[in-house]
Amino acid sequence: MLLLAVDTATPAVTVALHDGTSVVAESRQVDARRHGELLLPAVDRVLAEAGLDLAAVTDLVVGVGPGPYTGLRVGLVTAATFGSVLGVPVHGLCTLDGLAYASGIEEPFVVATDARRKEVYWARYDDFRTRAGEPGVDRPADIADELSGLPVVGQGAVLYPDSFPLARGPEHQSAGALAALAAEKLAAGSEFLPPTPLYLRRPDAQVPKNYKVVTPK
């Protein structure tokens, strides 16, 4: 088994290779505006570090979000393209689950990532392997009382310390953690999410209202 994991649902452009036992190579660069520019070189870099070719990959794992529209689709399209070319399965995982797994926390906690518009994508967890509900998107102040007393993992805690005072690491996503979680799920025969985007809201970029269509005379 050789898993190639990618995630671009957060500012971290992250790629990892996992052999079913441990992470073989990993890359992570935090840049919210260069997902498309950074992803493929990162794939090349981890393959070179591992001394392997893309053809050796047996499974693809991709973070499906939630995340902003533009960055999220870079990873999803790349994973789908690789899967089609290689003829290997593409497994979807919630991006928040990867952050939760990386935390290693064995008590109730929350993962919160930056959703822009002064909001966070978030989900509650019973422990680092067990999500206790579906992800949501809200203003931090609107959920602060509900989540009071719980540790909060992810960039959301860093950006909004008044609402999430109990910040815990990691701040950014790790494809290595996402791959390790996927390896566990594959070994257990667990189901994955489809490799389609989990947006939770409409894209930031929209057609202006009262847009006039100009047709040739």
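Rule-based calculations on the coordinates, nothing more; no lab input. Note that the structure is predicted; figures quoted are calculated from it, not measured. As a convention, Cβ positions derive from the backbone with ideal geometry for all residues, glycine included, and neighbour counts pool all protein chains shown.
Overview of results
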{"item": "Rg to Rh, two decimals, where region 2-91 supplies the alpha carbon set and Rh follows Kirkwood", "result": "0.94"}
{"item": "Ranked by how many other beta carbons lie within 10 Å on average, peptides 71-80, 58-67 from highest", "result": "58-67, 71-80"}
{"item": "Fraction of antiparallel bridges per DSSP, the chain only, in percent to nearest 5", "result": "70"}
{"item": "Helix-only CD estimate at 222 nm, as mean residue ellipticity for the chain, using -39500 (n - 2.57) per DSSP H run (n ≥ 4)", "result": "-9000 deg cm²/dmol"}
{"item": "Mean Kyte hydropathy of 0.0 or more with a Cα span along the axis of at least 18 Å, helices from DSSP in the chain", "result": "35-50, 69-86, 175-188"}
{"item": "For the chain, size of Cβ-based charge dipole, Lys and Arg +1, Asp and Glu -1, in debye", "result": "1200"}
{"item": "Neighbourhood charge, 10 Å Cβ-Cβ cut-off, centred on residue 108 and excluding it, Lys, Arg +1 and Asp, Glu -1", "result": "-3"}
{"item": "Sites matching trypsin sites (Lys or Arg not before Pro) across region 1-58 that sit in DSSP coil, with at most 16 neighbouring C-beta atoms within 10 Å", "result": "33, 34"}
{"item": "Among 136-144, 113-121, 49-57, the order from most to least packed when residues are scored by Cβ within 10 Å on average", "result": "113-121, 136-144, 49-57"}
{"item": "Whole-number percent relative contact order across the chain, with pairs defined as alpha carbons under 8 Å at least 6 apart", "result": "23"}
{"item": "Protection proxy ranking, peptides 146-157, 122-133, 5-16, average beta carbon neighbours within 10 Å, highest first", "result": "5-16, 146-157, 122-133"}
{"item": "Rounded to the nearest 20 debye, dipole of region 1-122 from Cβ charges on Lys, Arg, Asp, Glu", "result": "560"}
{"item": "Sequence-distant residues sharing a close amide H with residue 24 (under 5 Å, placed H)", "result": "17, 18, 19"}
